Structures are given as C-alpha cells and as structure tokens.
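*Asks:* Here it is, the structure, as structure tokens.
The values are calculated or read from the model by the stated rules, or taken from the named source; none is laboratory data. If you're wondering where the values come from, they're calculated on a predicted model, not measured in any experiment. Reconstructed Cβ throughout: ideal geometry from the backbone, glycine too, with neighbour counts over all protein chains shown.
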Amino acid sequence: MKNELQIIQNIIYEIRGLKVMLDSDLAALYGVEAKRLNESVRRNSKRFPADFMFQLTDEEWNSLRSQFATSNISRGGRRYTPFVFTEQGISMLSSILNSDRAIEVNINIMRAFVQLRHYVLSQSDTNAQITELRKLLMLHIENSDHKFSDHDKKIRVIIQALNNLIQQPPKPAKRIGFGT
C-alpha cells in the first residue's frame, strides 16, 4: 500500500495553484482507457464544475510534458490537451466509475492527498515557529542597553540563518508538478 501511495503522490501535480491529477494517469490507475474515462465524465458533465476538473492550456500541457517523456503527436500521442481533476473531481469520479478497483484506487488517492496536506501543514507550522523566534530575537536586540555587543552580533547571525530557512527557494520557471 505504501508503494502505491508513493506512486500516486508522484503523479499529483500542482497547476494553477491546485493539486491535480491527469486524466490519463487516473485512467491507468482505474484500469480503463483515458478515452473511456473522459466519455464517462462528459456523460456526467453536471457533476464536474470548473473547480473539480478543467482542461489544460497548450502552455500548461507543454510545460508539464517537459517534465516527463510523452509521445510525439506524429507517433500517435495525444492530439488534445488533457483534462485534470482536483481532489473533489477525483471523489466525483468514484461515483461514475463504480467498480471494486475504482473504489480501492479512490481510497488510496484520497489517502495520498491527505498525506500531502499534512506535509504542507507541517511545513507551515515550522515557518510560523521560525517567524515567531525571529520576532523574539529582534525584540531582544531592540531592547538591549548595549547595542552591537558580541552577543547581539551572534543573535543577528541567528536571525539571518532563520531568514534563509524561511525563504522559499526560487521555483524553476517551467516546473508545474509536485514532488515529495
């Protein structure tokens, strides 16, 4: 099960600030053709509003394709940009794909999303703690009677180190996916 969760986490991408999965990846997990999955979705289109599912733009698709090898269009690859499903859209898929495999896969996908959410929240808590510590250290320096003592210089070094920890590294311009 853990291996399957890791596989699922590796095919969850971040696009437009949302965690999503490609229609073709979901189809492979569910054991159906992507064409059949999309047909089922089109037949039940009222169940999939824009915040549950959307189609990638050409730019988004090209950027995502640069992260993994895909077929060339001239060799039988995709001829249209794929649909992606948010966590809510994936939940809705379970209501239209009613098989034992679909239920099992859907449970594992939901577990993967929960694990990702826990990871992001733990990172947020750490950043909040670092920010609070930084504020306390700055307050100490401001209230100190003897400015620029050796002690204050060491605290400034600690503050700079905390600032470096809390700063997010610059993201590559073309990266869309999410890795754990």
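*Asks:* Against the condition assigned by TED's automatic domain parsing to the domain that holds GLU59, at pLDDT below 85 and over 14 Å from GLN55 (Cα atoms), how does ILE8 come out, does it pass?
*Replies:* yes
Table: residues versus (1) under 26 Å from GLY17 (Cβ atoms); (2) outside any loop (DSSP other than H, G, I, E, B); (3) modelled with pLDDT under 70; (4) in contact with a Lys or Arg (Cβ under 6 Å, 6 or more places away or on another chain).
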{"site": "GLU59", "(1), (2), (3), (4)": "yes, yes, no, no"}
{"site": "LEU64", "(1), (2), (3), (4)": "yes, yes, no, no"}
{"site": "GLN67", "(1), (2), (3), (4)": "yes, no, no, no"}
{"site": "GLY77", "(1), (2), (3), (4)": "no, no, yes, no"}
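*Asks:* Where residues in the stretch 1-38 are of a type in the set (Lys, Arg) and under 24 Å from THR57 (Cβ atoms), which of them is nearest to the chain's Cα centre (by Cα)?
*Replies:* It comes out as LYS19.
*Asks:* Still on this structure, please answer the following. Looking at the stretch 11-37, which of its residues are surrounded by fewer than 17 Cβ atoms within 10 Å (Cβ to Cβ) and either part of a helix (DSSP H, G or I) or not assigned by TED's automatic domain parsing to the domain that holds ASN98 (or both)?
*Replies:* ALA28, LYS35, ARG36
*Asks:* I need every pair where a residue in the stretch 56-83 that is over 18 Å from ASP25 (Cβ atoms) has its Cβ under 7 Å from the Cβ of a residue that is modelled with pLDDT of 75 or more, sequence separation at least 6 or different chains.
*Replies:* THR57/THR81; ASP58/THR81
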